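Let me begin by presenting the structure, written as structure tokens, before commenting on it.
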Amino acid sequence: MSGFELVPVEGGDPVHLLPGETVLGRGPLLGISDTRVSRNHGLLENRNGLRLKPTHLNPCFVQSSLDDDPRPLQRGSWHQLHHGDLFSLLPGRLIFRVEAVEEEHTPRYSSLEAPSAPRRRVLPAWMSAAVSAGSLSSGLKGSRGF
């Protein structure tokens with residue numbers, strides 16, 4: 001299964017996107033503090049691909065390359081994003097490149113950690129002795145246990 005990361009073009013660590021919806025905007029996720037960016041600037045949906053929907057009056061932008069002019073996206077409409085696409089939250093600033101990443105699947109039991117055999121229950125010595133002598137079962141007959 002593949003996932004997506006947002007790589008800040010202006011530098012910084014990639015942001016791995018979890019499956020489902022992610023709110024884009026000012027805040028710790030993308031490390032944006034510019035007040036021209038709303039806290040709820042756009043919505044990313046990561047389900048069978050990646051798409052972006054601007055949700056604020058100030059639009060999100062897409063551009064074919066860093067040399068192209070940013071094109072505003074229509075508020076409330078979804079826009080499909082692919083590996084290598086660029087989008088920004090301000091015209092020509094806060095640009096992110098979409099990177100498709102292959103997510104690693106770790107098998108439930110790796111070759112280094114084989115599942116352990118079922119554990120056998122070992123009775124304490126006093127209980128084993130009582131069972132073998134028959135005293136445990138004869139002592140319980142006729143008693144209510146309390």
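Values computed for the structure shown
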item: Condition check for F61: among the aromatic types (F, W, Y) and within 19 Å of the chain's Cα centre (by Cα); result: no
item: Segment 80-105, residues that are within 16 Å of R26 (Cα to Cα) and not in a strand (DSSP E or B); result: P91
item: Subset of segment 16-54 that is surrounded by fewer than 18 Cβ atoms within 10 Å (Cβ to Cβ) and among the β-branched types (V, I, T) - its residue that is nearest to F96 (Cα to Cα); result: V23
item: The one condition in (1) more than 23 Å from the chain's Cα centre (by Cα); (2) of a type outside the set (S, T, N, Q); (3) assigned to a loop (DSSP other than H, G, I, E, B) that L29 fails to fulfil; result: (1)
item: Cβ pairs under 6 Å, 6+ apart, first in segment 55-77 and within 13 Å of H41 (Cα to Cα), second assigned to a loop (DSSP other than H, G, I, E, B) and of a type in the set (A, V, I, L, M); result: P59/L73; C60/L73
item: Residues of segment 75-97 satisfying the condition of being exposed (fewer than 12 other Cβ atoms within 10 Å of the Cβ) and over 19 Å from T35 (Cα atoms); result: G76, S77, Q80, H82, G84
item: Meets criteria (within 30 Å of G25 (Cα to Cα), hydroxyl-bearing (S, T, Y), assigned to a loop (DSSP other than H, G, I, E, B) and modelled with pLDDT of 95 or more) for S77; result: yes
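The values are calculated or read from the model by the stated rules, or taken from the named source; none is laboratory data. No experiment lies behind these values; they were computed from the predicted model shown. Every residue, glycine as well, gets a Cβ built from its backbone with ideal geometry; the counts of neighbours run over all protein chains shown.
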